[in-house]
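The values are calculated or read from the model by the stated rules, or taken from the named source; none is laboratory data. Since the model is a prediction, treat every value here as computed from it, not as a measurement. In this analysis, Cβ positions are derived from the backbone assuming ideal geometry, glycine residues included, and neighbour counts consider all displayed protein chains. Accessible surface areas use protein heavy atoms only, side chains included; no ligands, DNA or RNA. Shrake-Rupley method; radii C 1.70, N 1.55, O 1.52, S 1.80 Å.
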Amino acid sequence: MDFIEGEILYIDKPLHWTSFRVVGVVRAKLCRRLGIKKLKVGHAGTLDPLATGVMILCTGKKTKLIESLQAGTKEYIAQVRLGATTPSFDLETAVDAEYPTVHISREMVEEVLQRFTGTIEQVPPVFSAVKVDGKRAYELARKNKDIELKPKLLVIDNIELISYNMPDITIRVVCSKGTYIRALARDIGTALHTGAHLTGLRRTKVGDITVDDCLTMDDMDRFLEQIKYN
């Protein structure tokens with residue numbers, strides 16, 4: 001493999017790691033193995049720290065492929081808790097409000113989920129990397145600034161209920177680039193006349209790449225020792 005010229009790596013991002021940290025650690029390991037000081041490394045699609053799963057990393061000239069790789073369809077498995085909201089729509093922030101769920105049935109959940117298939121508008125979370133006047137929205141949100149984000153068009157190809165164990169549900173989502181599963185959880189809660197937030201998220205597929213194709217960070221050193229280099 002020729003990482004300086006350009007290669008593509010598939011990583012299973014660990015829980016609590018930022019995407020930036022994954023790139024930094026992989027870059028450092030590659031530089032140390034290759035005996036170089038600098039190497040261009042980028043990723044094709046951010047995952048939140050509380051999410052795990054498929055991350056595609058590109059090195060060298062293969063970083064030119066990042067935009068096309070980002071455009072691939074994504075698949076997620078998401079755990080959603082109904083009846084409570086958080087400002088970040090996940091467990092990064094504490095519950096700020098609770099709502100009744102006694103009116104919700106499995107059939108109601110399945111019917112509501114189907115409303116989100118196809119082309120939809122979605123307002124990104126304020127705790128996100130969306131830029132507002134040149135600054136990241138999450139930077140402003142953490143300073144308790146009022147932020148109004150515009151809705152974006154996206155496509156959800158498929159959404160299905162995997163498990164129903166109130167107040168928790170698990171869903172599988174196949175969607176386009178730019179979909180915030182945290183925001184989808186928020187909107188599902190609203191449609192069910194309650195609140196909702198993510199309690200777990202795993203990206204299981206990007207394009208044709210699945211988690212079975214990915215290296216864990218624990219595998220990385222052994223992988224770099226075993227491969228052949230140009």
Query - Reach of K150 by Cα under 16 Å, taken over lysines that are not fewer than 8 positions away in the same chain - result: K131, K135
Query raised in the report: Going through segment 23-111, which trypsin sites (Lys or Arg not before Pro) have at most 12 other Cβ atoms within 10 Å and a DSSP loop state?
Result: K37, K38
Requested in this report: Assign one of three labels to segment 113-230, namely rounded, prolate or oblate, based on the Cα gyration tensor with a ≥ b ≥ c the square roots of its eigenvalues; rounded applies when a/c is under 1.5, prolate when it is not and a/b is larger than b/c, and oblate otherwise.
Outcome: oblate
Report summary line: Over the chain, the sum of -39500 (n - 2.57) across DSSP H runs of at least four, divided by residue number and rounded to 500 deg cm²/dmol, gives at 222 nm -7000 deg cm²/dmol
Report task. Check the straight Cα-Cα distances from K29 and name the lysines below 26 Å, setting aside those fewer than 8 residues away within the same chain. Result -> K13, K37, K38, K40, K61, K62, K64, K205, K228
Report task. Determine the per residue accessible area of the chain with all protein chains present and a 1.4 angstrom probe, expressed in square angstrom. Result -> 53 Å²
Report summary line: Expressed in µm² per second, the diffusion coefficient of the chain from the Stokes-Einstein equation, with Rh the Kirkwood radius over alpha carbon pairs, at 37 °C and 0.692 mPa s, is 174 µm²/s
Report task. Mind running the shape call on segment 45-168? Use the C-alpha gyration tensor, a ≥ b ≥ c as the square roots of the eigenvalues: rounded below 1.5 for a/c, prolate if a/b tops b/c, oblate otherwise. Result -> oblate
Report task. Enumerate the calculated ³J(HN,Hα) couplings along segment 208-216 in order (Karplus 6.51 cos²θ - 1.76 cosθ + 1.60, θ = phi - 60°), each rounded to whole Hz, writing x wherever the residue is Gly or Pro. Result -> 9, 8, 10, 4, 5, 8, 9, 8, 7
Requested in this report: Would you mind calculating the relative contact order of segment 40-90 from Cα pairs under 8 angstrom and at least 6 residues apart, reporting the percent as a whole number?
Outcome: 33 percent
Query raised in the report: Quick one: with all protein chains in place, what share of the accessible area of segment 83-127 is carbon or sulfur, to the nearest percent (1.4 Å probe)?
Result: 55 percent
Requested in this report: Among A191, A78, A51, determine the one that fluctuates most according to a GNM of the chain built with springs between C-alpha atoms less than 10 Å apart.
Outcome: A191
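Report the far tail of the P(r) of segment 179-230, meaning the percent of Cα-Cα pairs longer than 13 Å.
The share of Cα pairs beyond 13 Å in segment 179-230 comes to 72 percent.
What do you reckon, how do H197, H16, H43 stack up by accessible area (1.4 Å probe), largest on top?
Output order, biggest surface exposure first: H16, H43, H197.
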Query raised in the report: In sequence order, what are the phi-derived ³J(HN,Hα) couplings for segment 46-55 according to the Karplus relation 6.51 cos²θ - 1.76 cosθ + 1.60 with θ = phi - 60°, rounded to whole Hz, with x for glycine and proline?
Result: 6, 10, 4, x, 8, 9, 10, x, 5, 10
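Do you know the relative contact order of segment 1-141, to the nearest whole percent, from alpha carbon pairs under 8 angstrom that are 6+ apart?
19 percent
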Requested in this report: List the longest stretch of the chain that has no exposed loop site; here a site is one of the GluC sites (Glu not before Pro) assigned by DSSP to anything other than H, G, I, E or B, with at most 13 other Cβ within 10 Å.
Outcome: 6-147
